[in-house]
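For reference, the structure discussed in these notes is given below.
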């Protein structure tokens, strides 16, 4: 198997491989999750979610940071050394199902945690896999902070040649469609009081 394929598989399986914990010390490893299938997710109670168990302290994790709203811990199967996750203490199955105030609380920790990660490593990617097609395997909102080093070749997409955006009919239709969807987003009207405007409407 090629390195790129192996890394992709590692990302997709980063939370579902069971780990045998031989001791119960606080430096144990994260356990596997029951939240690995989107159909199962709708039938699962929060008590079955490994991230909820970690947030409650019922499952072991190598925690880096925690407060009243969020927990950050090392990924069980890291893509690179120092790969960590920020999760909300409350259970939300995806980013789009997470209230903006919770997303804001999670994101407010990113500069603080990523600065420490960069001092311990080099650079980092910030990543959210939202939905099965995007590679989400644990259906509890989480943000990945993935440390990077020069020429580590983690993402196959980094070798893809990028092309300038063309403002053709397809792109303009996509822009109009997204703008139209934004006008229907619950709470969008409230965000206008905070300096947000819908362009082109």
Could you check residue 102 against (1) assigned to a loop (DSSP other than H, G, I, E, B); (2) under 21 Å from residue 47 (Cα atoms); (3) touching a residue at least 24 places away in the same chain (Cβ under 8 Å) and say which number it fails? (1)
Taking region 52-67, which residues are outside any helix (DSSP H, G or I) and touching a strand residue (DSSP E or B) at 6+ places or on another chain (Cβ under 8 Å)? 61, 62, 63, 64, 65, 66
Restricted to region 68-86 and to residues being free of Cβ contacts under 8 Å to residues at least 40 places away in the same chain and surrounded by fewer than 19 Cβ atoms within 10 Å (Cβ to Cβ), the residue farthest from residue 106 (Cα to Cα) is 68
The residue that is modelled with the highest pLDDT, considering only those in region 42-51 that are assigned to a helix (DSSP H, G or I) and surrounded by fewer than 12 Cβ atoms within 10 Å (Cβ to Cβ), is 47
Might you let me know whether region 146-153 holds any residue that is buried (at least 19 other Cβ atoms within 10 Å of the Cβ), more than 20 Å from residue 82 (Cβ to Cβ) and at pLDDT 90 or above? no
When every residue in region 68-77 that is in a loop (DSSP other than H, G, I, E, B) and touching a helix residue (DSSP H, G or I) at 6+ places or on another chain (Cβ under 8 Å) is compared, the one modelled with the highest pLDDT is 69
Does region 126-135 contain any residue that is within 13 Å of residue 82 (Cβ to Cβ) and in a loop (DSSP other than H, G, I, E, B)? no
Filtered residues of region 136-153 (kept if in a loop (DSSP other than H, G, I, E, B) and closer than 19 Å to residue 51 by Cα): 136, 137, 138, 139, 140, 141, 142
Can you go through 117, 128, 137 and tell me which one is surrounded by 13 or more Cβ atoms within 10 Å (Cβ to Cβ) and touching a residue at least 40 places away in the same chain (Cβ under 8 Å)? 137
Counted residues in region 154-168 being in a helix (DSSP H, G or I) and surrounded by 13 or more Cβ atoms within 10 Å (Cβ to Cβ) come to 1
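The values are calculated or read from the model by the stated rules, or taken from the named source; none is laboratory data. All values reported here derive from a predicted model rather than from experimental measurement. Because the Cβ atoms are built from the backbone with ideal geometry, glycine has one as well, and the counts that use them run over all protein chains shown.
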